[in-house]
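Since the structure comes first, as structure tokens, the remarks are kept for the end.
The values are calculated or read from the model by the stated rules, or taken from the named source; none is laboratory data. As the structure is a computational prediction, the values presented were derived from the model and not from experiment. Neighbour counts run over all protein chains shown; Cβ positions are idealised from the backbone, glycine included.
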Amino acid sequence: MRRYSNNPIIEPKNIPNISPDIIDATSVFNPGAIKFNDKILLMLRVQNRARETYFIMAESDDGIDFEIADEYIKWEGLEKVNEKIYHLYDPRITKIGNEYYIMFAMDIKSGCFLGLGKTDDFKKFEFLGIVSEEDNRNGVLFPEKVNGKYLRLDRPNKNQLVDGPLTGSEIWLSESNDLLNWKPFKKIISGRNHYWDELIGAGPPPVKTAKGWLCIYHGIALHYQPIYQAGVMLLNLKDPFKLIARGRFNILEPRELYETVGQVPNVVFPTGIIVDEFDDNGFAILESSVKLYYGATDTVIGLAISTIQELIEKCYE
Ligand code: BMA
């Protein structure tokens, strides 16, 4: 992928003070992205100096210069969780029908689970519920039902890193009839030990192309310190549990200073994708440009650019 030349596009200093909770923000990263009313919207993950997490909306005409809201998102219905909530983070936004769904990780007292919210105007946000039974992260909804079921990629957390978080080495496809109750259906891919993607997790929502569902995921190489990178895979359109191709090489890795030095070094973490053009049947056009939004070092947001065609080719390399 090609980095935008003026990366990072959003930094902590761009976050307005939202007194009394956010003053002189520490970091802004791992944003959800979606097109809405001809604008590109990002849902920013912002951390303050208390290391508390907030979601803040940002909007742009060109996907580069963003205007950041001066209030943070308040989820209606979050009070129905009767357990201490520490953080909601890493939102992924998917449009299904006329609704916009946001799936995010929730650190609560009993572990890390997937939460689901929705909005139709990006002004009012409703929390729908906790939607994973087991510890899980990186939940990403498909933009339409397939074979009569809602689908998502997710990443059960089953690997305990020494001195680190509970993480995972498998991306699964789960299915649901109502978006609230989910059943793991099939494992899609496993981490490749010794290579760039030993631990893995889904990235932005899958993109429908004539060649299959194009999915960007993150992979972690377990060195002295973990290195977070991004890669691609292609899933069968009608049976998305069937892997068609998976790239050997990563498509983005920490190289620039803002990707190597920061709160958490050596992290690029893709969470938002904007595809410019779709055909009348809802397939991304091969020549269409793709904007990938990613968190870098858990500190700033970067933008990287490619095309659908190039990303599909990378799946086969
Ligand atoms: C992962 C997630 C991400 C984070 C990354 C690097 O486990 O928690 O939110 O960006 O680690 O710290």
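Quick look at the values:
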{"read-out": "Considering residues of region 230-279 that are part of a loop (DSSP other than H, G, I, E, B) and among the aromatic types (Phe, Trp, Tyr) only, the residue farthest from the ligand (Cβ to nearest atom)", "value": "Phe241"}
{"read-out": "Given (1) without any contact (Cβ under 8 Å) to a residue 24 or more places away in the chain; (2) assigned to a loop (DSSP other than H, G, I, E, B), number of the condition Arg51 does not satisfy", "value": "(1)"}
{"read-out": "Test: residue in region 159-173 that is under 22 Å from Ile34 (Cβ atoms), in contact with an Asp or Glu (Cβ under 6 Å, 6 or more places away or on another chain) and at pLDDT 95 or above", "value": "no"}
{"read-out": "Residues (within 14 Å of the ligand (Cβ to nearest atom) and either among the small types (Gly, Ala, Ser) or surrounded by fewer than 20 Cβ atoms within 10 Å (Cβ to Cβ) (or both)) located in region 161-180", "value": "Leu161, Asp163, Gly164, Pro165, Leu166, Gly168, Ser169"}
{"read-out": "Residue in region 200-211 that is over 25 Å from Glu277 (Cα atoms) and within 16 Å of the ligand (Cβ to nearest atom) present", "value": "yes"}
{"read-out": "Within region 72-167, strands (runs of 3 or more DSSP E) holding 3 or more residues that are farther than 25 Å from Ile200 by Cβ", "value": "125-130"}
{"read-out": "Of residues in region 94-137 being β-branched (Val, Ile, Thr) and within 16 Å of the ligand (Cβ to nearest atom), the one nearest to Leu44 (Cα to Cα)", "value": "Ile102"}
{"read-out": "Output for region 280-297, where each listed residue is outside any strand (DSSP E or B) and either surrounded by 17 or more Cβ atoms within 10 Å (Cβ to Cβ) or not acidic (Asp, Glu) (or both)", "value": "Asn281, Gly282, Phe283, Ile285, Leu286, Ser288, Thr297"}
{"read-out": "Filter result for the condition that a residue is over 16 Å from the mean Cα position of the chain (by Cα) and either exposed (fewer than 14 other Cβ atoms within 10 Å of the Cβ) or under 19 Å from Leu114 (Cβ atoms) (or both), over Lys211, Lys158", "value": "Lys158"}
